[in-house]
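What follows is a short report on a single structure.
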Amino acid sequence: MRKREEIIPIILAAGSSQALPFPKALARFGKKTALDIAVENCSFSPKVRVVLGADAQRILPAVPKSSEIVINRRWREGQLSSLQAALKRIEPDAAFLLYPVDHALITRHIVEQLVRAFRTRSASQEIVIPRHKDADGHPVIVSAAVRPEFFEAATAREVIYKAPERIRALKVRSSSILEDFDTMESYEQCLRKFRARS
């Protein structure tokens with residue numbers, strides 16, 4: 001029986017939002033920001049890490065008090081640099097959940113399903129990914145055993161798909177695991193879907 005690993009959520013909110021008039025983390029969905037939604041969805045853990053970079057000064061006042069802030073000064077180097085910054089700030093024997101802040105349609109139910117799938121995975125499985133139809137999405141949970149690879153790879157994707165046999169894909173009904181926004185058009189599309197279900 002494998003040891004039960006703690007899962008620490010890492011919310012990636014360091015990238016620049018050039019095509020938007022506001023940082024993605026501060027995009028509004030009803031009364032909440034995309035960052036509020038992400039932190040609330042990760043309430044299974046008291047140790048949420050929020051990685052900031054490009055618009056750190058603007059986002060800082062809006063970070064929920066329950067989470068710990070990691071500043072990635074190398075944010076221009078891409079998402080992997082943010083993940084590395086966060087990994088340096090969590091226990092080496094903890095698993096982690098990777099959650100890009102611009103996936104604002106993800107629900108707590110999906111996150112809880114992923115956590116359950118990770119807790120009940122087989123001995124050879126180290127990564128749990130949500131899958132809708134044939135497409136993989138976010139968030140992704142990774143065991144501590146895989147962690148060193150993220151410091152040697154060029155991208156996080158390279159690590160995640162390196163060995164298909166160590167992936168457990170969890171089929172979900174919702175396409176929200178695939179839906180992010182980086183332009184006003186895609187934000188408005190997400191907003192319409194958000195309003196339609198609330």
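One table, with the values for the structure above:
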quantity	calculated
Among 163, 145, 123, residue whose mean-square fluctuation peaks in a GNM of the chain (springs only between Cα atoms under 10 Å)	123
Where GluC sites (Glu not before Pro) fall in DSSP loop in the stretch 125-196, at most 12 other Cβ within 10 Å	152
C-alpha long axis of helix 184-197 to longest principal axis of the chain, angle in °	80
DSSP-defined antiparallel bridges as percent of all bridges, the stretch 99-198, nearest 5	45
Solvent-accessible ranking of 120, 183, largest area first, probe 1.4 Å	120, 183
Stokes-Einstein diffusion coefficient of the stretch 87-153, Kirkwood radius over Cα pairs, 10 °C, 1.306 mPa s, in µm²/s	122
Mean shadow area of the chain, taken as a quarter of the surface of its Cα convex hull (nm²)	10.6
1.4 Å probe accessible area per residue over the chain, in Å²	50
Out-of-range pairs (alpha-carbon distance over 18 Å; input 32/171; 31/193; 65/88; 171/193; 24/47)	32/171; 65/88; 171/193; 24/47
Whole-percent carbon and sulfur share, accessible surface of the stretch 59-169, 1.4 Å	51
Distance histogram for the stretch 106-198 (every C-alpha pair counted, 5 angstrom bins, percent rounded to whole numbers)	3, 13, 21, 20, 18, 13, 8, 5, 1
Within the chain, helix-based [θ] at 222 nm, where runs of 4 or more DSSP H residues each add -39,500 (n - 2.57), nearest 500	-7500 deg cm²/dmol
Semi-axes of the equivalent ellipsoid for the stretch 1-104, Cα gyration tensor, largest first, Å	23, 16, 11
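The values are calculated or read from the model by the stated rules, or taken from the named source; none is laboratory data. Since the structure is predicted, the reported quantities are computational estimates derived from the model, not experimental observations. Glycine also receives a Cβ, built like all others from the backbone with ideal geometry; neighbour counts cover every protein chain displayed. Each accessible area value is taken on the protein alone, full model and side chains, heavy atoms only, with ligands, DNA and RNA left out. Shrake-Rupley method; radii C 1.70, N 1.55, O 1.52, S 1.80 Å.
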